[in-house]
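Undergrad: One structure coming up, written as structure tokens, with questions to follow.
The values are calculated or read from the model by the stated rules, or taken from the named source; none is laboratory data. Remember, predicted model here, so these are calculated numbers, not experimental data. So basically every Cβ, Gly included, is an ideal-geometry build from the backbone, and we count neighbours across all protein chains shown. Heavy atoms of the whole protein, side chains included, go into the accessibility calculation; ligands, DNA and RNA do not. Shrake-Rupley method; radii C 1.70, N 1.55, O 1.52, S 1.80 Å.
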Amino acid sequence: MTGTLDGKKLVIVGGGSGIARQIARDAVAAGATVVLAGRDEHAVAAAREQVMGAARGRRAAVEAIRIDLGTEDSVVRAAEEVGELDYLVSVAASHANGPVAELARAAIVRAFDAKVIGPILLGKHFGARIRPGGALLLFSGVAAWRPAPGRTVMATTNGAVSFLAEALAVELAPIRVNALSPGIVDSGVWDGMGERKEHFFDEVAAVNPARRVGSPADISAAALLALTNPFLTGTTLHVDGGGRLA
């Protein structure tokens with residue numbers, strides 16, 4: 001039997017993203033109070049307004065705060081500002097793509113801050129504030145299981161997230177910790193491709209066992225399951241349409 005989001009407090013780090021907004025909308029609809037947190041204050045504030053607007057007259061409690069996973073002091077301040085909570089999701093990411101021979105060290109460090117070091121700090125400073133029955137959800141990605149040239153850092157950080165979820169599930173028990181690995185999702189991150197996006201999505205759908213690309217709603221449904229199922233911990237949920245097998 002799964003738990004409920006009604007009356008719970010959910011913090012979403014990386015709260016300006018399309019997937020974060022969908023999780024926030026669905027959580028608010030289920031009765032949760034949501035705190036959107038991110039490094040870009042303007043993006044997080046805009047996401048808050050969108051989530052509030054989607055509430056359509058329902059009483060919605062959505063806050064926006066700043067957090068920079070590359071700075072421990074920022075994580076400490078955010079934890080103090082949030083206080084007690086029930087669930088924490090981190091969808092934060094910073095990409096360092098390109099040939100290994102051309103990678104800048106600073107970009108590599110930022111990528112690990114967002115996906116690995118930052119989530120460890122979240123566990124360090126938010127863990128003791130999570131109420132009984134609560135959970136932490138980290139975002140991995142299909143690149144860990146399908147590495148490609150120019151995606152070495154992405155594959156490595158996403159793979160590390162999966163192992164980190166297992167380690168934190170043991171370290172922070174009985175707080176539950178899981179990872180979610182999305183595939184190709186039409187969340188807005190591909191919009192910069194312009195007219196090429198539709199062709200790219202068609203190519204992905206043709207080889208995915210599910211024969212489609214994902215939607216933010218697909219990812220949100222799995223995220224809320226991971227948060228509220230009391231017998232799920234130390235697991236990576238692959239919500240990729242079978243993309244890692246294609």
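Undergrad: How much mean residue ellipticity at 222 nm does the chain get from its helices, if each DSSP H run of length 4 or more adds -39500 (n - 2.57) and you divide by all residues, to the nearest 500 deg cm²/dmol?
TA: Numbers: 8 runs with 99 residues, N = 246.
-12500 deg cm²/dmol, from helical runs alone.
Undergrad: So if each residue of separation counts as 0.36 nm, and I subtract the Cα-Cα distance between Phe163 and Ser215, what length gain in nm does that give? Mind showing how you got there, number by number?
TA: Details: separation 52, 0.36 × 52 = 18.72 nm, distance 2.55 nm.
Contour length minus Cα-Cα distance gives 16.2 nm.
Undergrad: Measure off, as a whole percent, the carbon and sulfur share of the 1.4 Å-probe accessible area of region 141-246, all protein chains present.
TA: Numbers: 3160 of 5340 Å².
Carbon plus sulfur share of accessible area: 59 percent.
Undergrad: For region 231-240, take each phi angle, set θ = phi - 60°, evaluate the Karplus expression 6.51 cos²θ - 1.76 cosθ + 1.60, and give the result in whole Hz per residue in order, putting x for glycine and proline.
TA: 10, 10, 7, x, 10, 9, 8, 8, 10, 10
Undergrad: Could you list the trypsin sites (Lys or Arg not before Pro) in region 56-127 that lie in coil according to DSSP, counting only those with at most 10 other Cβ atoms within 10 Å of their Cβ? Could the numbers behind the result be given before it?
TA: Details: sites: Arg56, Arg58, Arg59, Arg66, Arg77, Arg105, Arg110, Lys115, Lys124; in loops: Arg56, Arg58, Arg59.
The qualifying sites are Arg56, Arg58, Arg59.
Undergrad: What net charge is computed for the residues neighbouring Ser140, neighbours being all others with C-beta under 13 Å from the C-beta of Ser140, Lys and Arg scored +1, Asp and Glu -1? It would help to have the intermediate numbers written out before the result.
TA: Working: positive: Lys115, Arg146, Arg244; negative: Glu166, Asp240.
Net charge in that neighbourhood comes out at +1.
Undergrad: Below 8 Å between Cα atoms, with a sequence gap of 6+, how large is the relative contact order for region 104-205 in percent?
TA: Details: 104 pairs, mean separation 29.2, N = 102.
RCO, region 104-205: 29 percent.
Undergrad: In addition: So for the chain, taking the charge dipole from beta-carbon charges (+1 Lys/Arg, -1 Asp/Glu), which of Val82, Gly98, Ala221 sits furthest toward the positive end?
TA: Ala221
Undergrad: Taking amide H positions as placed 1.01 Å from N in the peptide plane, with prolines and chain starts having none, which residues 5 or more places from Ala61, or on another chain, fall under 5 Å of its amide H?
TA: Residues meeting the amide H criterion: Val34.
Undergrad: Report, by chain and number, residues whose modeled amide H sits under 5 Å from the one on Thr236, excluding near sequence neighbours (fewer than 5 apart, same chain).
TA: Ala179
Undergrad: Using a 1.4 Å probe and ignoring any ligands, DNA or RNA, find the accessible area of Asp40 and quote it in Å² to the nearest 10.
TA: Here the residue's solvent-accessible area equals roughly 80 Å².
Undergrad: Hey, got the Cα dimensions of the chain along the principal axes, in Å, largest first?
TA: Between the extreme Cα coordinates on each principal axis of the chain lie 42, 39, 37 Å.
Undergrad: Taking the Cα centre of the chain as origin, work out the dipole magnitude from +1 charges on Lys and Arg Cβ and -1 charges on Asp and Glu Cβ, in debye rounded to 20. Kindly include the intermediate steps, with their values, before the conclusion.
TA: On the way: 25 positive and 25 negative charges, 61 e Å.
Here the chain has a charge dipole of around 300 debye.
Undergrad: Using each residue's phi in region 83-92, evaluate 6.51 cos²θ - 1.76 cosθ + 1.60 at θ = phi - 60° and report the 3J(HN,Hα) Karplus result to the nearest Hz, with x for Gly and Pro.
TA: x, 6, 8, 10, 9, 9, 10, 10, 10, 4
Undergrad: Now for a different question. For region 194-246, which GluC sites (Glu not before Pro) are both in a DSSP coil and crowded by at most 10 other Cβ atoms within 10 Å? Working shown, then result.
TA: Details: sites: Glu195, Glu198, Glu203; in loops: Glu195.
In loop regions of region 194-246 (DSSP not H, G, I, E or B), the sparsely surrounded GluC sites (Glu not before Pro) are Glu195.
Undergrad: Give, as a single signed number, the net charge of other residues whose beta carbon lies under 13 Å from the beta carbon of Ala206, with Lys and Arg counted +1 and Asp and Glu -1. Could the numbers behind the result be given before it?
TA: Working: positive: Arg211, Arg212; negative: Glu198, Asp202, Glu203.
Residues close to Ala206 contribute a combined charge of -1.
Undergrad: Please report the relative contact order for the chain, taking Cα pairs under 8 Å with a sequence separation of at least 6, and give it as a percent rounded to a whole number. Intermediate values should be presented prior to the final figure.
TA: Working: 508 pairs, mean separation 48.6, N = 246.
Worked out over the chain, it gives 20 percent.
Undergrad: For region 7-49 and region 171-197, what is the separation of their Cα centres, given in Å?
TA: The two parts, judged by their Cα centres, are 15 Å apart.
Undergrad: Just going by the charge dipole of the chain, with Lys and Arg at +1 and Asp and Glu at -1 on Cβ, which of Val51, Thr71, Gly31 is farthest out on the positive end?
TA: The listed residue farthest towards the positive side: Gly31.
Undergrad: Order Val82, Val100 by their accessible area, 1.4 angstrom probe, all chains in place, largest first. Walk me through the numbers on the way to the answer.
TA: Working: Val82 15, Val100 95 Å².
The residues order as Val100, Val82, largest area first.
Undergrad: Using the alpha-carbon centroid of each, what span in Å lies between region 100-132 and region 65-86?
TA: 13
Undergrad: Multiply the residue separation of Ala61 and Val207 by 0.36 nm, subtract the distance between their alpha-carbon atoms, and state the gained length in nm to one decimal. Before the final figure, lay out the partial values.
TA: Values: separation 146, 0.36 × 146 = 52.56 nm, distance 4.10 nm.
Full extension of this stretch gives 48.5 nm more.
Undergrad: I want the local charge near Leu85. Using Cβ-Cβ distances under 9 Å, sum +1 for each Lys or Arg and -1 for each Asp or Glu among the other residues.
TA: Working: positive: Lys8, Lys9, Arg129, Arg131; negative: Glu84, Asp86.
Around Leu85, the surrounding residues sum to +2.
Undergrad: May I pose another question? Determine ³J(HN,Hα), in whole Hz, for all residues of region 31-44 in sequence, where each value follows from phi through the Karplus function 6.51 cos²θ - 1.76 cosθ + 1.60 and θ = phi - 60°; x replaces Gly and Pro.
TA: Computed from phi, the couplings for region 31-44 are x, 8, 8, 10, 10, 8, 10, x, 6, 8, 4, 5, 5, 5 Hz.
Undergrad: Sticking with this one: Sequence-distant or interchain residues sharing an amide H contact under 5 Å with Gly214, placed H: which?
TA: Ile184, Val185, Asp186
Undergrad: With every protein chain left in place, what is the accessible area per residue of the chain in square angstrom, probe 1.4 Å?
TA: Values: 11860 Å² over 246 residues.
So the chain comes to 48 Å² accessible per residue, rounded to a whole number.
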